[in-house]
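Worksheet: the structure to be examined is printed underneath.
The values are calculated or read from the model by the stated rules, or taken from the named source; none is laboratory data. The shown structure was predicted, so the numbers you read here are calculated from the model rather than taken from an experiment. Neighbour counts run over all protein chains shown; Cβ positions are idealised from the backbone, glycine included.
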Amino acid sequence: MTPEIIRFTKMHGAGNDYIYVNTLLYNIPSPADAAIKWSSRHKGIGSDGLVMIGRPSTADADFSMRIFNADGSEAMMCGNASRCIGKYLYEKGLTSSKTIRLETLSGIKILQLHVTGQTVDSVTVDMLEPRFEVAGQFAPRTEAEAEGKLEAGGKLFKGTFVSMGNPHFVIFTDEEGLADVETYGKLLEHHEAFPARCNIEFAYASDKDTLRTRVWERGSGITMACGTGACATAVAAAKAGVAGRSSKVVMDGGTLEIEWSEKDNHVYLTGGAEFVFEGEVALP
């Protein structure tokens, strides 16, 4: 039997690259298997994961998004992927609206498109309110862990737990400490304090309103950028007095602008999105 052929689009937001498939046109019966096979940098298309754009399950949303990491695990939310979807939907003519309600596993996110002519220059995503205690995401076993002190690989880390729908642990360090993400990111991702694993950020304030961040993404490892991770970093920095409520977060793949609004306590993420290439691939 000839395998079914799927048309895909590869996009990135600040270097955080995913394979996008319009499931209004194509069915992917085993998205976890597809994500693993297609995401391979050497034997596949190469990406941080697979994003499926589809119909929402509620009239309160316009479209839906499902994300599968490179290891096949399903993610709850991705800020970079959300911006890419906004550009994809508008520039491919699937919507003419500059405001899109996107259903995700962590709720409906509002995308505001910033457009010149028919080109989406950037997208602002309402990431909703950050949370600092979420059952099933952060389960400290000791008073020290409740204070954000976690041991990994014989080293003690002090960080801040922030949920942006998905879990993050933000550790502030100096510039040299950013390299720790390579050695300790995976260990902290699987720490027992995180029942569902966790995204790990190492960051430092390069100036009052600029944060330099490196991220270890749950299920994908080191990535060029992470939208929810940038939001978590900015929130943790504002909470600790390291930065104000508006900051630029510089990641390996680019810079994202974050505002933690005092008006509604929502976090707003703004950044660009880019098409990389399109192609066809067989279902696994």
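Scanning the range 14-30 for residues that are within 20 Å of SER73 (Cβ to Cβ) and buried (at least 20 other Cβ atoms within 10 Å of the Cβ) returns ASN16, ASP17, TYR18, ILE19, TYR20, VAL21, ILE28.
Taken together, PHE138, PHE169, PHE157, PHE161 contain a single residue that is touching a Cys at 6+ places or on another chain (Cβ under 7 Å), of a type in the set (Phe, Trp, Tyr), crowded, with 20+ Cβ neighbours inside 10 Å and at negative phi, which is PHE169. Here are GLU133, GLU129, GLU103: which of them is modelled with pLDDT under 95 and more than 14 Å from the chain's Cα centre (by Cα)? Within the list GLU133, GLU129, GLU103, the selection yields GLU133.
Note on the range 187-284: enclosed strands (runs of 3 or more DSSP E) holding 2 or more residues that are β-branched (Val, Ile, Thr) and crowded, with 19+ Cβ neighbours inside 10 Å are 210-217, 246-251. As a summary of the residue check, GLU176 satisfies the conditions (1) touching a Gly at 6+ places or on another chain (Cβ under 8 Å); (2) not in a strand (DSSP E or B) except for the one numbered (1). Residues of the range 64-87 include at least one that is assigned to a helix (DSSP H, G or I), over 28 Å from ALA196 (Cβ atoms) and either over 12 Å from the mean Cα position of the chain (by Cα) or of a type in the set (Gly, Ala, Ser) (or both). If you check GLU189, GLU217, GLU257, GLU175 for being in contact (Cβ under 8 Å) with a residue 40 or more places away in the chain and either of a type in the set (D, E, K, R) or assigned by TED's automatic domain parsing to the domain that holds ASN80 (or both), only one passes: GLU217. The residues of the range 47-105 that are small (Gly, Ala, Ser) and without any contact (Cβ under 8 Å) to a residue 40 or more places away in the chain, listed by number, are SER47, GLY54, ALA59, GLY93, SER96, SER97. ARG66 falls short on exactly one of the conditions (1) surrounded by fewer than 23 Cβ atoms within 10 Å (Cβ to Cβ); (2) of a type in the set (Lys, Arg); (3) within 22 Å of GLU257 (Cβ to Cβ), and that condition is (3).
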